[in-house]
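The values are calculated or read from the model by the stated rules, or taken from the named source; none is laboratory data. Just so you know, these numbers come straight off a predicted model, no measurement behind them. Backbone-built Cβ (ideal geometry, glycine too); neighbour counts: all protein chains shown.
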Amino acid sequence: MDMPQKILVPVDLSDRSASAVAYAGMLAMRFDAEVVLTTNVNLPEQAAFEDLAEAEGVSVEEAGEIALRRIAREHAPNVEITTALAFRDFPAEGILATAEVEDVDLIVLASHGRTGMKRKLLGSVAEKVARSAGVPVLIVPARDTE
């Protein structure tokens, strides 16, 4: 693999997914790469963005960008980050579509560490992305934040 020039970092607005932002930020600084922060706007994110949009007096799309930029400032403050929102039914679909549109070289995402019945019911977005992506995928292990 060549050194990444453009890194996609999907987040779902959880503390666990934010750990991937910090990791990608370190890689970006090391390899002078661009970082694209993305989220797939479906039910949980849609509700959060609608609340933020109402509070800020902006559209849902602008609220999504505001939320992603806040995450970037908090977890990768020294890295120039662009944002991209996806609107797909399933998060893995949104991540894969964004990776293609943004023409990234690497995807860095966090595992949520689900096991057992939760994994069977909810699936693993990280696993789906890793199996289907046309570029390397780096999965950052889940860390307990409680």
**Study point:** Residue, farthest from Val108 (Cα to Cα), within region 55-96, restricted to residues that are aliphatic (A, V, I, L, M) and without any contact (Cβ under 8 Å) to a residue 40 or more places away in the chain
**Key:** Ala55
Check your understanding: Just checking, how many residues over region 75-114 are within 16 Å of Leu27 (Cα to Cα) and in a helix (DSSP H, G or I)?
Key -> 1
Practice item. Determine which single condition Phe49 fails, assuming it passes every other condition in (1) in contact with a helix residue (DSSP H, G or I) (Cβ under 6 Å, 6 or more places away or on another chain); (2) assigned to a strand (DSSP E or B). Key: (2)
Review point. Lys120 fails exactly one of the following numbered conditions: (1) modelled with pLDDT of 90 or more; (2) part of a helix (DSSP H, G or I). What is the number of that condition?
Key: (1)
Practice item. Give the residues of region 23-46 that are assigned to a helix (DSSP H, G or I) and closer than 17 Å to Pro4 by Cα, sorted by residue number. Key: Tyr23, Ala24, Gly25, Met26, Leu27, Ala28, Met29, Arg30, Phe31
Check your understanding: Of everything in region 53-67 that's of a type in the set (Val, Ile, Thr) and over 16 Å from the mean Cα position of the chain (by Cα), which residue is surrounded by the most Cβ atoms within 10 Å (Cβ to Cβ)?
Key -> Val60
**Study point:** Candidate set: region 34-52, residues that are surrounded by 19 or more Cβ atoms within 10 Å (Cβ to Cβ) and of a type outside the set (Asp, Glu); chosen: the one farthest from Leu85 (Cα to Cα)
**Key:** Val35
